Amino acid sequence: MSDAIEIKDLHKTYRSGFWLSKKKSLFGISLTVQKGEIFGFIGPNGAGKSTTIKILAGLLRRDSGSVLILGKDPTLTESRIKLGYLPEQPYFYDSLSGYELLKFYGGLSGLKGDLLEERINWALQLVNADADWIHRRLRTYSKGMQQRVGLAQAILHKPELLILDEPMSGLDPLGRRDVRNAILTLHSEGSTVFYSSHILSDVEEISSRVAMIIDGKIKHIGTVNEITKESERNSLEEVLAKEVTHVVP
């Protein structure tokens, strides 16, 4: 089975502050995601999850290393044709309604006419978006509503690879259930899903494999059972707590 994502020896450094001092974010991470997987990417805040995802989405340039998504460099425009992406904090034109936003993004994906209407209705049903509030202005949306619309726009073109940064963030238990179900449905229809999350019970429930990143380095990778057995722990939460304790001064 070919790889949907291939990362080899990835390094990333930021410059910040008045003196533009260097701060290393990623220290040579490597991982592969096979086509057909639901792959969970976990770690504490500031560990490098969002940086890695932004590089995969072509929004950040790496310092060194090799990155391929569906066999293409993410800096190339054509790499995004079969990619769906949801950032951790999506920003939309808040003067539009959710439905207008989906029509706009659907058009950018090459959808139009009856097919566009069909895909919008399909995506809204999949994320369980209410038919009433979807026609309200985005500025009136709660975090949960924005997250549902964000996921809907990411899946409109039925991408081969879906990359989600904290898709369950800010959702209540019912919202998390709906996102989990949407991920499982998309997976059953052939999509590969790579997502980050801090809700480890959800990761344990739906992931084929998991990678744990701590302080810019991959510490564990494998199935949930493999990682917990290797660390002699009962859950991913216990493994993560153990690893974070080791890196905190």
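Some points to look at:
- Of residues in the range 69-111 being in contact (Cβ under 8 Å) with a residue 40 or more places away in the chain and assigned to a helix (DSSP H, G or I), the one surrounded by the most Cβ atoms within 10 Å (Cβ to Cβ): 98
- All told, residue 153 meets the bar of being surrounded by 20 or more Cβ atoms within 10 Å (Cβ to Cβ) and among the polar types (S, T, N, Q).
Conditions tested, residue by residue: (1) at pLDDT 95 or above; (2) more than 17 Å from the chain's Cα centre (by Cα); (3) over 29 Å from residue 70 (Cβ atoms).
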position	(1), (2), (3)
189	no, yes, no
201	no, no, yes
207	yes, no, no
241	no, yes, yes
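- In the range 158-215, the residues that are surrounded by fewer than 22 Cβ atoms within 10 Å (Cβ to Cβ), in a strand (DSSP E or B) and in contact with an Asp or Glu (Cβ under 9 Å, 6 or more places away or on another chain): 209, 214
Quick grid of which residues meet (1) out of contact with any strand residue (DSSP E or B) (no Cβ under 9 Å at 6 or more places or on another chain); (2) closer than 23 Å to residue 183 by Cβ; (3) outside the structural domain of residue 70 (by TED's automatic domain parsing):
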{"site": "105", "(1), (2), (3)": "yes, yes, yes"}
{"site": "114", "(1), (2), (3)": "yes, no, yes"}
{"site": "117", "(1), (2), (3)": "yes, no, yes"}
{"site": "120", "(1), (2), (3)": "yes, yes, yes"}
{"site": "137", "(1), (2), (3)": "no, no, yes"}
{"site": "140", "(1), (2), (3)": "yes, no, yes"}
{"site": "149", "(1), (2), (3)": "yes, yes, yes"}
{"site": "153", "(1), (2), (3)": "no, yes, yes"}
{"site": "167", "(1), (2), (3)": "no, yes, no"}
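- The listed residues are 50, 66, and the only one of them that is in a strand (DSSP E or B) and surrounded by fewer than 23 Cβ atoms within 10 Å (Cβ to Cβ) turns out to be 66.
- Leading residue by the ranking (farthest from residue 39 (Cα to Cα)) among those in the range 238-249 that are surrounded by 13 or more Cβ atoms within 10 Å (Cβ to Cβ) and not aliphatic (A, V, I, L, M): 242
- Residue list for the range 216-237, restricted to those being in a helix (DSSP H, G or I) and surrounded by 14 or more Cβ atoms within 10 Å (Cβ to Cβ): 224, 227, 228, 231, 236, 237
- Inspection of the range 59-82 finds a residue satisfying the criterion of being more than 23 Å from residue 158 (Cβ to Cβ), hydrophobic (A, V, I, L, M, F, W, C) and in contact with a Pro (Cβ under 7 Å, 6 or more places away or on another chain).
The values are calculated or read from the model by the stated rules, or taken from the named source; none is laboratory data. Computed from a predicted structure; not experimentally measured. Note: ideal-geometry Cβ built from the backbone for every residue, glycine included; neighbour counts use all protein chains shown.
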